[in-house]
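To keep things clear, I will list the structure first and then write my remarks on it.
The values are calculated or read from the model by the stated rules, or taken from the named source; none is laboratory data. Computed from a predicted model, the values in this text were never measured in an experiment. Because the Cβ atoms are built from the backbone with ideal geometry, glycine has one as well, and the counts that use them run over all protein chains shown. Areas reflect the complete protein model, heavy atoms only, side chains present, ligands, DNA and RNA absent. Shrake-Rupley method; radii C 1.70, N 1.55, O 1.52, S 1.80 Å.
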Amino acid sequence: MVIPIHDINPLRRRPIVTWLLIAANVVIFVFFTPVVSSVAGVRTSQPQNACEQQRFFQEWGAIPKELLSNEQLSATNSGRLAVDAQGRVGCLQESPPTFDKSPVLSVLSAMFLHGSWLHLLGNMLFLGVFGNNIEDRMGRLLYLLFYLTCGYAAAYGFAAFEGNTTSTLIGASGAVAGVLGAYLVVFPRARVIGLVSVLFFLPFWLPAWIVLGFWFALQYVYFTGFGVADGGSVAYGAHVVGFVVGAVLVAPFVQRLRAAGPDPRRAVHHRWVREPPGFGQQRRPRHRG
């Protein structure tokens, strides 16, 4: 596993939309999402809190059965505990639900929900590293539309694979995967500094095609083995679909996007990152004396 930290890829302007997307995800997670897990997503709270979180995700998350039928579930979690005749404790179901839900709009709200700090930070790290350059080349409005399109494609693609399951699908992973697919197509040789887990998380400069290619291969392997979706699981199918859609959408415009690069004299650089020796410098011609 390679954890990207930064890429050497100058910008023409500040990535305002990427920053706003990251801020929105963080604010919604901190102030609106009932979190009942540790950093890694392991349940540590009372059953009542777990029921409240499940109800929240059912109301605002995307559910494959609802997406395929375009109809809200007839019975949902009430957010309260119940005890059956055998003394087993569980979440009380209610029918009909006390909230109205649009399956189509639930995909949009689900893109800004996360089940744990690890889930949130992982998505925002990848978006922050790779999203800025895609925004820079596409333009802010087109980039936002591209991001949402990949998120929608990932959600509905996952629903097509999973069928009529009622587990919830949350997270920005599908949209972020689309950004990664676009980055791989447009900037395959860009330098990325990443922490390699098998080498004790030592930092290495690697080309983007290795970092993102390995990430996609890993998602595909997991997806072919299992693809699940709920508050604490990973929807690998959504990652695969989002990545492929992002790559396909930008493929016809690769040359145009590359040509829209910044003037090196006016490019926005990050001062805290030391660039590799010789980066951005032209080789001086040798003179025979």
Reported set for the range 138-190 where residues are part of a helix (DSSP H, G or I) and of a type in the set (Lys, Arg) is Arg140
As an exercise: evaluate Asn123 against (1) of a type outside the set (Asp, Glu); (2) surrounded by 18 or more Cβ atoms within 10 Å (Cβ to Cβ); (3) in a strand (DSSP E or B) and give the number of the one condition it does not meet.
(3)
Count of residues meeting criterion [modelled with pLDDT under 75 and either open to solvent by less than 50 Å² (accessible area, probe 1.4 Å) or not in a loop (DSSP other than H, G, I, E, B) (or both)] in the range 191-232
6
Given the criterion out of contact with any strand residue (DSSP E or B) (no Cβ under 9 Å at 6 or more places or on another chain) and surrounded by 19 or more Cβ atoms within 10 Å (Cβ to Cβ), identify the matching residue among Phe130, Phe112.
Phe112
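Can you tell me which residue is modelled with the lowest pLDDT among those in the range 26-63 that are assigned to a helix (DSSP H, G or I), out of contact with any strand residue (DSSP E or B) (no Cβ under 7 Å at 6 or more places or on another chain) and not aliphatic (A, V, I, L, M)?
Among those residues, the one meeting the criterion is Asn49.
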